[in-house]
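The values are calculated or read from the model by the stated rules, or taken from the named source; none is laboratory data. Keep in mind that this is a model prediction, so the values were computed, not measured. Here the Cβ positions follow ideal geometry from the backbone for every residue, glycine too, while neighbour counts run over all protein chains shown.
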Amino acid sequence: MEKYSALGFVSLNQTQKRMLMYLKMHGAQPAAVLAGEMGLTNEGARQHLMRMMEEGWISSESQSKGVGRPIILYKITAAGFGLFPDAHAELTLQLLTSVKALFGQEGLDRLIQSREQETLKQYQSGVEGMGRLEDRLDYLVSIRSAEGYMAEWYQDGDLYFLVENHCPICAAATRCQGFCQAELQNFRQTLGEGVKVERVEHIVQGARRCAYQITTLDK
């Protein structure tokens, strides 16, 4: 988490940066949850949240859950998401535009394919000799987090989920879906033939995160 505390260029204190990171990783939350995670009183947490709302980094929404008062949830705004790194977005988009102009869509597709083949070699080398799916997921989470994707995985019954809470190439992926398609294929090949991998949430399509459902085929 410290890797992303480079949000220091924003006028937020350390507690507010931690709050922003928690919302990024876990989605909309009530003040009480944030207070508990930050070691604050509810009132103290609300003061920080009000400051962040004034800056435009977060917003609030009311959620009704049956009888009783609605719950106020706090979530990151589009401006807040913009605080997290998108790897040289403007330069990347310019390069993609230039490649397509010079070599056409086929040339751009070949460029993406070459990049992803190198990535796949690295991933497959990293999981070589790993028989357990859990070990392969541990490796993927480690390397993807190092690449800036804020990755994690969890198990729910017989299903596994690989979650990426951030996309450091979001601008490029939005412009060119080939990155996302190649990424999904890399996950499938890295995790092996014994599993089925499906993307069930997609940042490019407006979701808070990218999530992949992994089903073992022998169950």
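The sole residue among Val163, Val141 that is among the hydrophobic types (A, V, I, L, M, F, W, C), part of a helix (DSSP H, G or I) and under 12 Å from the mean Cα position of the chain (by Cα) is Val141. Restricting Glu152, Glu198 to those that are modelled with pLDDT of 90 or more, under 19 Å from Lys24 (Cβ atoms) and either not in a loop (DSSP other than H, G, I, E, B) or not β-branched (Val, Ile, Thr) (or both) reduces the list to Glu152.
Sort out which residues of the range 74-120 are within 30 Å of Asn42 (Cβ to Cβ), among the aliphatic types (A, V, I, L, M), modelled with pLDDT under 80 and not in a helix (DSSP H, G or I), and write them in order of number.
Within the range 74-120, Leu83 is the sole residue that qualifies.
If you go through the range 182-195 one residue at a time, do you hit one that is hydrophobic (A, V, I, L, M, F, W, C), within 27 Å of Ala101 (Cα to Cα) and outside the structural domain of Tyr22 (by TED's automatic domain parsing)? Looking for residues that are hydrophobic (A, V, I, L, M, F, W, C), within 27 Å of Ala101 (Cα to Cα) and outside the structural domain of Tyr22 (by TED's automatic domain parsing), one finds at least one in the range 182-195, hence yes.
Could you grab me the full set of residues in the range 20-56 that are charged (D, E, K, R) and either in contact (Cβ under 8 Å) with a residue 40 or more places away in the chain or surrounded by 20 or more Cβ atoms within 10 Å (Cβ to Cβ) (or both)? Explain how you work it out, then say what you get.
The initial filter retains those residues of the range 20-56 that are charged (D, E, K, R), namely 24, 37, 43, 46, 51, 54-55.
Matches in the range 20-56: Lys24, Glu55.
Filter the range 141-169 for residues that are touching a residue at least 12 places away in the same chain (Cβ under 8 Å) and among the aliphatic types (A, V, I, L, M) and give the result. Selection gives Val141, Ile143, Met150, Ala151, Leu159, Leu162, Val163, Ile169. Determine whether Leu23 is at pLDDT 90 or above and either hydroxyl-bearing (Ser, Thr, Tyr) or closer than 18 Å to Asn165 by Cβ (or both). Here the answer is no, as Leu23 does not meet what is asked. Residues in the range 155-195 that are of a type in the set (A, V, I, L, M, F, W, C) and modelled with pLDDT of 90 or more: Leu159, Phe161, Leu162, Val163, Leu184, Phe187, Leu191, Val195.
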